[in-house]
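Asks: Below is a structure I'd like to ask you about.
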Amino acid sequence: MSVVSLQLGQCGNQIGQELFSVICDDSNGPNRKKYKQCSDERFFYETSTGELVARSVLVDMEPKVISQVVVNASKSGRWTYGDKACFSQKQGSGNNWANGFCVHGPRHEEAVENLVRREIERCDRLAGIFTMMSVAGGTGSGVGTYITQRLRDLYPNSFILNQVTWPYGAGEVIVQNYNSVLSLSHLYQLSDAILVHENDTVHKICSRLMNIKHISISDVNKVIAHQLASVLQPAYTADSPSHYCTNPIGELMSTLVCHPEYKLLSLCNIPQMSSTSLAYSVFHWPGLLKHLRQMLIASARMEEGIDWTVSAPSAVTSRGESATNSRHKNFNLSLANLLILRGKDVSTAVIDGFKDPALYVPWLNTENSFSTWSSPVAFNGYEKSATLVSNNQSLLKPLNNIVRKAWNMFASRAYVHQYTKFGISEEDFLDSFTALEQIISSYTHL
Amino acid sequence: MQREKSVKVKEVITSLCKLLSALSVESIPTAEAFRRAKFNRKDAALDMWSLLSRLLQRAFALDCACQDSKDQDFDMQLLFVRSALCYCGYGAPWVLGPQPPSHIKEVGSRDLLLAFGWVLSTGKLLDFLLTEKVYQLDTLSSGPTIAKSVIPGQLDIESHGPGVDTTVKKDQVLQALQWQYGKLRLHWKSLLSAQEEKSRFTHRVISNISTSADCQPHVTGSHHSNMTSTALDKELERIQALNGILEAYLDWKLHEHLFWCWMDSVIDSSLTDVSEVEPVDWPPGERAVMMRCPHGDETRRAVRRLDKMLLRLQTELRAIRTEQSTLTLTSQGGRQGASGLSESQRMEVEKKVSGYLEGLRLTNTSAITSGGFLPCLQDPQPTKPPHRFHTGEPGLAVTAGKLQASVALDELREREAVLQWQLERLRQNIREEMQRQASTMEGMVLIPPIKR
């Protein structure tokens, strides 16, 4: 019932801290005693003094970010990080995946494993391991991938959910595409599911929907944390309709990532707006669900700028008819969807729009492809909020871009020597490229 | 020294036998039988024969409905073994030759030993058997991979997705099955963690009770523990069996190179005796096998894919070069002439490259079909072991697969050299063009980039 989180690298640590803040704030809202109990059990443990300590291990190769994050956590007064839950070094990984994976990872594996083991043993029941990292840098991606590998070997029967942040397309780091390609190809085989956030998308949400003028990293992180918390906070599921689900990650996975070739998950959360406008807005379930459905079909990630011309293909006459015949341009075919509704009058929400078999692959019936979780408790200040976790083709385009850019760089062997000097050969690069091409082709031919 | 060596060889062969028996291969001869087989002893021939036929039956169990032929029907066995070996790409004269041995006794034990060595080395026979066994024992092992055939290349391409070839559509029923199986596995994992939690709580409760009241729990506890102990015992047996297999495998892997050194000696001794046999049959044997090989289609497809990848790499390189050249030239204003030049250059180069690739494809079909070369998409393991394995054993001249791996490496290096040369030529041309353009313009000074 408890989730052990692993915060890796700068991005992972910052997102993790925001996540716990959001969770704590949300749990401390009004009229939610059972909710708070469940949520606290899931994410925190109580010390003898009654203080909430996050079930989290912080890993970074530089001390700066971790110390900042720990300080921010204690500032809230409601929760802190464990004293001995941090692991940091002095050098950093230099945005080099090979440095993280081949040098830092093995060097510090025992220390990190001990920390994780301690957290896991503290849980009565492990719901799963939740890691947060970015794929562009060196520590989060390299060390993160290595640690995931070790954890997979040590806990083969546990669920591992990797939350990854894809960098800005315009590039923060020159070799970010190499790092992304290498991490994704390795993670795909190690983890059970990969939940993806893209910096570009979240940035747009901040600028257009939340009207933030000067977007800082912490704004972006807050949005990501909000979206993650809306998935991880307690909810009633199909398996446990009367009490809060005790196996959230397991249920998430068994509804979405059963097929070993399709593990990429994307997140959509509406509504999303600045807190000032929130007070003046009223939401209705039909409107929210209609928008969400169109966002799913048109691969839109935020409520603004949805392409309403894209529509689902008309009902196929026979089961066997291939979807390619009736596929419309830009239509986003889903493998499986999970809809999470939180807020007032959840039971009145009509979700039949999502059960349309035209949205899904023909070889899976709707009862397998679509599930709903709900919670009557309003989430994080939003009277009604809906989240869609989806295994579909929408990540194909950004993934293709990343691979294409990385391949262009690799074709001229740019910067490859930075990786080969740490032990990643060109053959490893080629293996990663083929693995990703495989993933891209699987999703394209869905 | 000799005695030490022979003892070591015996240990190595014993570890192989142990591994094979752990993998439930039947009728495994003793290490002594192997040694006798090397010297073409008659009594060892029968042992080797039954081993070979059983192994091949296991390897091909998924591909053909092989009857479990008992020792009576030797002719059927002979036919099966010969066709199986031919399919594997083994080109010994007794397999392929125009006068096949009419009776099983005509095949020497050394030939059988060599055939066994061949089967062991090509493809991933041991890995295949290992995964099959592990899958049987370890219920939570990751997903049902589509039955990988032992023969390199076969089924690997199809089973792991369409890849570049878009006409191959996946079987939808298979997809649905994989989905359901994955779901089952995930449910199982959840149940397992629930069970662990339950046992942890039970332990806590019982330890609390036992601290307060001593005698009572024992009576009620024992009945319950009897029921659970059978399940636990079974679990324990399974894990012990798994352990045994993995230990045998690791042991074998440690000593594997010694085994192949010994096989070296077997081949040497067979070569010294081979002078009676007509040498005519040997050289075309390899090529003949490849041409008669029924799975040529798949391998040809793999070759095509490899070529496509290469071509893509090339064209992209060229595109970048021409882009750069047109960009720099537009900045200097001399666009027209340069684009015309690069156009003709491009045509010339394209023609050359496609011609070369065509030639390569025709001559190198055999080289590329050896197992270590295929770009196996999903599974990272297969290409590696044969590779490392091949390059470490240059001595085994007979087994075609090894020789061709090194030949394939040379071919690749040649190709690389050719492409590099073409690249250099292109670069040179562009550089000259730029110089020429710069010299014609007044007031313009060209500063060439720093050479890498």
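The values are calculated or read from the model by the stated rules, or taken from the named source; none is laboratory data. Model, not experiment: these values are computed from the prediction. All Cβ positions, even for glycine, are placed from backbone atoms using ideal geometry, and neighbour counts span all protein chains on display.
Asks: Under the condition of being among the aliphatic types (A, V, I, L, M) and crowded, with 20+ Cβ neighbours inside 10 Å, which residue from the stretch A:375-398 is farthest from the chain's Cα centre (by Cα)?
Replies: Applying the first criterion (among the aliphatic types (A, V, I, L, M)) to the stretch A:375-398 yields A:377-378, A:386, A:388-389, A:395-396.
After this cut, where a residue has to be crowded, with 20+ Cβ neighbours inside 10 Å as well, the list is A:377, A:386, A:388-389, A:395.
Details: A:377: 22, A:386: 16, A:388: 12, A:389: 9, A:395: 13 Å.
Checking each candidate, the answer is A:377.
Asks: Restricting attention to the stretch A:150-170, which residues are within 14 Å of another protein chain (Cβ to nearest Cβ) and out of contact with any Gly (no Cβ under 8 Å at 6 or more places or on another chain)? Talk me through it step by step, then tell me what you get.
Replies: Taking the stretch A:150-170 first, the residues within 14 Å of another protein chain (Cβ to nearest Cβ) are A:152-153, A:155-161.
Answer for the stretch A:150-170, where residues must be within 14 Å of another protein chain (Cβ to nearest Cβ) and out of contact with any Gly (no Cβ under 8 Å at 6 or more places or on another chain): A:152, A:153, A:155, A:156, A:157.
Asks: Considering the stretch B:182-193 alone, what residues qualify as being facing chain A (nearest Cβ under 7 Å) and closer than 12 Å to residue A:247 by Cβ? Walk me through how you get there before you give the answer.
Replies: Applying the first criterion (facing chain A (nearest Cβ under 7 Å)) to the stretch B:182-193 yields B:182-183, B:186-187, B:189-190, B:192-193.
Of everything in the stretch B:182-193, those that are facing chain A (nearest Cβ under 7 Å) and closer than 12 Å to residue A:247 by Cβ turn out to be B:186, B:187, B:189, B:190, B:192, B:193.
Asks: Shifting gears a bit: May I ask you to list the residues in the stretch A:152-177 that are outside any loop (DSSP other than H, G, I, E, B) and in contact with a Ser or Thr (Cβ under 8 Å, 6 or more places away or on another chain)? Even if it seems obvious, please write down each step before you answer.
Replies: Taking the stretch A:152-177 and keeping what is outside any loop (DSSP other than H, G, I, E, B), we get A:152-154, A:160-166, A:176-177.
Scanning the stretch A:152-177 gives A:152, A:160, A:161, A:162, A:163, A:164, A:165, A:166.
Asks: Another question, then. Hey, does the stretch B:146-165 have a residue that's small (Gly, Ala, Ser), under 26 Å from residue A:153 (Cβ atoms) and modelled with pLDDT of 85 or more?
Replies: Checking the stretch B:146-165: not a single residue is small (Gly, Ala, Ser), under 26 Å from residue A:153 (Cβ atoms) and modelled with pLDDT of 85 or more.
Asks: For the stretch A:242-262, state whether one or more residues are of a type outside the set (Lys, Arg), over 16 Å from the mean Cα position of the chain (by Cα) and surrounded by fewer than 18 Cβ atoms within 10 Å (Cβ to Cβ).
Replies: Yes - at least one qualifying residue is present in the stretch A:242-262.
Asks: Let me ask another. Suppose we keep only residues that are more than 21 Å from residue A:231 (Cα to Cα) and touching a residue at least 60 places away in the same chain (Cβ under 8 Å) within the stretch A:327-368. Which one would you say is nearest to the other protein chains (Cβ to nearest Cβ)?
Replies: Ranking the candidates gives A:361 first.
Asks: Would it be correct to say that residue A:119 is modelled with pLDDT under 95 and under 30 Å from residue B:187 (Cβ atoms)? Reasoning before the result, please.
Replies: Details: modelled with pLDDT under 95: yes; under 30 Å from residue B:187 (Cβ atoms): yes.
For residue A:119, the condition - modelled with pLDDT under 95 and under 30 Å from residue B:187 (Cβ atoms) - is met.
Asks: Same structure again: If I filter the stretch A:119-130 for residues that are assigned to a helix (DSSP H, G or I) and surrounded by fewer than 17 Cβ atoms within 10 Å (Cβ to Cβ), do I get at least one hit? Talk me through it step by step, then tell me what you get.
Replies: First, the residues of the stretch A:119-130 that are assigned to a helix (DSSP H, G or I): A:119-122.
Retained after the next criterion (residues that are surrounded by fewer than 17 Cβ atoms within 10 Å (Cβ to Cβ)): A:121-122.
Yes, there is a match, as at least one residue in the stretch A:119-130 is assigned to a helix (DSSP H, G or I) and surrounded by fewer than 17 Cβ atoms within 10 Å (Cβ to Cβ).
Asks: Of all residues in the stretch A:54-84, count the ones that are among the hydrophobic types (A, V, I, L, M, F, W, C) and more than 17 Å from residue A:140 (Cα to Cα). I'd like the intermediate steps shown before the answer.
Replies: From the stretch A:54-84, those among the hydrophobic types (A, V, I, L, M, F, W, C) are A:54, A:57-59, A:61, A:65-66, A:69-71, A:73, A:79; that's our starting set.
Keeping just the survivors that are more than 17 Å from residue A:140 (Cα to Cα) gives A:54, A:70-71, A:73, A:79.
Counting residues in the stretch A:54-84 that are among the hydrophobic types (A, V, I, L, M, F, W, C) and more than 17 Å from residue A:140 (Cα to Cα) gives 5.
Asks: Let me ask something else about it. Just wondering, is there one or more residues in the stretch A:49-70 that are modelled with pLDDT of 90 or more, touching a Lys or Arg at 6+ places or on another chain (Cβ under 6 Å) and aliphatic (A, V, I, L, M)?
Replies: Among the residues of the stretch A:49-70, not one is modelled with pLDDT of 90 or more, touching a Lys or Arg at 6+ places or on another chain (Cβ under 6 Å) and aliphatic (A, V, I, L, M), which makes the answer no.
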